[in-house]
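The values are calculated or read from the model by the stated rules, or taken from the named source; none is laboratory data. The structure displayed is predicted, hence computed values, not measured ones. Cβ: placed from backbone, ideal geometry, glycine included. Neighbour counts: every protein chain shown. When the accessible area is computed, the model is the full protein with side chains, heavy atoms only, and any ligands, DNA or RNA have been set aside. Shrake-Rupley method; radii C 1.70, N 1.55, O 1.52, S 1.80 Å.
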Amino acid sequence: MTYTYNITANYADCEIEVKTNSADVAICALMEHAENGAPVMVVDGHTGEIYAMTNCEEPWITEEWSLMVLGWLMKTMWEIGD
């Protein structure tokens, strides 16, 4: 099965991979692992396009993903329901 979002977090002793079709789950995984200091990459599961990379030498995020993360942060911080 191909998933829309593939999130990979690299820790010193393991690699954690989350594959999902949910943008909320993908952003939550990105934020959780980034806050823990792990290098994290979010990739399109269909095309291989990199959407975001954090805690690395050259952090990167597409404009669309930066807006999606901003919306997720606003919803989370303001406790707005779906």
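One table, with the values for the structure above:
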item: Accessible carbon and sulfur surface of the chain relative to its total accessible area, %, 1.4 Å; result: 55
item: Solvent-accessible heavy-atom area per residue, rounded to whole Å², over the chain at 1.4 Å; result: 66
item: Mean separation of Cα contacts under 8 Å, 6 or more apart, over the residue count of the stretch 40-81: relative contact order %; result: 23
item: Area projected by the alpha carbon convex hull of the stretch 32-74, averaged over all directions, nm²; result: 3.3
item: Accessible heavy-atom area order of THR47, THR20, highest first, probe of 1.4 Å; result: THR47, THR20
item: Backbone HN-Hα couplings from phi across the stretch 31-44 [Karplus 6.51/-1.76/1.60, Hz, Gly and Pro as x]; result: 5, 4, 6, 5, 5, 7, x, 7, x, 10, 10, 10, 10, 5
item: Candidates ASP24, ASP44, ASP13: whichever shows maximal mean-square fluctuation once the chain is modelled as a Gaussian network with Cα springs under 10 Å; result: ASP13
item: Local electrostatic count at ALA9 - Lys and Arg +1, Asp and Glu -1, tallied over other residues with Cβ under 11 Å; result: -4
item: Cβ-defined net charge surrounding GLU32, 14 Å radius [Lys, Arg +1; Asp, Glu -1]; result: -3
